[in-house]
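Below is one structure, written out as structure tokens, with a few remarks after it.
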Amino acid sequence: MNNMLQEYKGREQTYLKHLVLNQYLESWAHKMCSGSKYRNNVRLWYVDCFSGPWQSCHEELLDTSVYIGLEALSAATKKWAEFGYQVSVGAIFVEKNPESFKKLQEYIQSRNDPFEIHTFPGEFGLNVKNIENLIQNDPAFLFVDPTGWKGAALRYIKPLVRKPKRDVMVNVMYDYINRFKDYDDDTIRAQISDFFDMQVPPNLSEEDLFRLYRDQLKAVCGLKYSADLIVQDPIKDRTKYRLVVGGNHYSVLKLFRDVEHKIIGDESPKVRSKAKEESRLERTGQNALFNVFEEDQSSLYDRHQVTSKEKLKSILVNLENEQGPLQFEEIKPHILEQCHMTESEARRLLWAWKSEGMIKISGIRGRERSIKDYHVISETGHLTSKVEPIQKQHSFDI
Ligand SMILES: C[S@@+](CC[C@H](N)C(=O)[O-])C[C@H]1O[C@@H](n2cnc3c(N)ncnc32)[C@H](O)[C@@H]1O
């Protein structure tokens, strides 16, 4: 990767957000298209609920979620058409700002996509019924990317995700919410309560705030799984926003963590160290004396891998205390919801812990050399003694 368009310079967080959107949506669309092997008339939807175009610097809007979304759909459907399967795809864009809406319409008309595309002016919340009428019982992926928190209440998302095969990704703008969440202002407090669908207790840490949001997304919208990933400010070592995913199938978590590994684990450190170096050069006019890229190698994602191991120990101990030894299949959603690691990483780690005598794995058949879903995991006592209380975390030193 690392061929970022110049137009993203100074807002590299948007580039990373668009990479996550593109990778998730394309894989999701592939999976939904694969249904056409068994059924006729498969139809799927991409719903961009706060579409923009917004802050675009590119003449052809290549730096917008509108372009990114349509390209991901195109890539998936083209592949399936090559295999001889025709899948109908629809895209829905909602934009409140009249000027942006006009640009959106002109752009869609100029593209000539072979999809059904609908554009709705006005607020997302006021368009929920229109969206429902179009998508009916079809699979849909919702992208909810508000500017702040206004207009993105969970009660609007709920009717759109309560059917099967509905995934949602919400951009929760932490730096913005954090600035205002403990403000003594009734209007702001009411708006934030609207976004969380409850009154947010004061002085929550970043981790606690997001745990609350994920729990609320699941509870209010009736979703089974939710997880988040962190997009940092390009220059400052703090969270810009988190992308929170929700859905009803474990595959949501698996895909999300794979995308996180690729974009936040591999791509983000490169993009951020380049942004930092450019910013330093602009400020000082001098080249770095040392390799900034090396410096950024110890990225937040790498540090998360360390804390995630501790978290994984607590998950195993707590689950076993509550429910007795469980199969890996039952444990893995808990791991992927709470730990920034992929399913393969979790499997490798557990196998290594077995070799170190930290856990016991039963049900191993023949010459199996890796964790299988049906393996039962129990702790040997070593884990309990090693479980450390998970430290309170801050946005800049997680
Ligand atoms: C953060 S921007 C979206 C950026 C876009 N998703 C992207 O990645 O390129 C949010 C957009 O939502 C629009 N907007 C604000 N409130 C809205 C609402 N209640 N319903 C729909 N759109 C809204 C804004 O005008 C703005 O264009």
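The values are calculated or read from the model by the stated rules, or taken from the named source; none is laboratory data. Computed from a predicted structure; not experimentally measured. Don't worry about glycine lacking a Cβ; one is built from the backbone with ideal geometry, like all the others, and counts go over all protein chains shown. Just so you know, the surface numbers come from the protein's heavy atoms only, side chains and all, with ligands and any DNA or RNA stripped out. Shrake-Rupley method; radii C 1.70, N 1.55, O 1.52, S 1.80 Å.
Figure legend: label point modelled 7 angstrom from the Cα of residue 198 along Cα→Cβ; residues of region 212-229 with amide N under 12 Å from it are 212-221. Where in region 169-271 are there chymotrypsin sites (Phe, Trp or Tyr not before Pro) that are in a DSSP coil and have at most 15 other Cβ atoms within 10 angstrom of their Cβ? Here the sparse-neighbourhood loop sites are 183. Pairs from the list 240/270; 78/254; 240/311; 17/262 with a Cα-Cα gap above 19 Å: 78/254; 240/311. Dipole of the chain computed with +1 at Lys/Arg Cβ and -1 at Asp/Glu Cβ about the Cα centre; of 104, 190, 28, farthest Cα towards the positive end is 28.
Assign one of three labels to region 42-170, namely rounded, prolate or oblate, based on the Cα gyration tensor with a ≥ b ≥ c the square roots of its eigenvalues; rounded applies when a/c is under 1.5, prolate when it is not and a/b is larger than b/c, and oblate otherwise. Oblate. Charged side chains reduced to their Cβ positions (Lys and Arg at +1, Asp and Glu at -1) give the chain a dipole of some 1160 debye around its Cα centre.
For the chain, the solvent-accessible area with a 1.4 angstrom probe is 48 square angstrom per residue. Between residue 40 and residue 78, take the C-beta separation as r, use R0 = 30 Å, and let me know the FRET efficiency to the nearest 0.05. Efficiency, rounded to the nearest 0.05: 0.95. Ordering 375, 154, 4 by the projection of their Cα atoms onto the charge dipole of the chain, which places +1 on the Cβ of Lys and Arg and -1 on the Cβ of Asp and Glu, puts 375 at the extreme positive end.
For residue 79, the aspartates and glutamates whose Cα comes closer than 17 Å to its Cα, not counting residues fewer than 8 places off in the same chain, are 26, 71, 113. Residues in region 267-277 carry Karplus couplings, in order, of 7, 4, x, 5, 5, 6, 5, 5, 5, 5, 5 Hz; the curve used is 6.51 cos²θ - 1.76 cosθ + 1.60 with θ = phi - 60°, and Gly or Pro positions show x. Between the amide H of residue 232 and those of 240, distances stay under 5 Å, these residues lying 5 or more places away or on another chain, with hydrogens modeled in the peptide plane. When the GluC sites (Glu not before Pro) in region 23-125 are filtered for DSSP coil states and for at most 14 other beta-carbon atoms within 10 Å of their beta-carbon, the remaining sites are 59, 60. For region 160-217, with all protein chains in place and a probe radius of 1.4 Å, 46% of the accessible heavy-atom surface sits on carbon or sulfur. Taking a ≥ b ≥ c as the square roots of the Cα gyration tensor eigenvalues, with a/c under 1.5 meaning rounded and otherwise prolate when a/b beats b/c, else oblate, which class fits region 6-275? Rounded is the answer for region 6-275, as its axis ratio a/c remains below 1.5.
Beta bridges assigned by DSSP with both partners in the chain are antiparallel in approximately 50 percent of cases. Taken along the Cα-to-beta-carbon direction at a fixed 7 Å, the label points for residue 110 and residue 57 span 1.9 nm.
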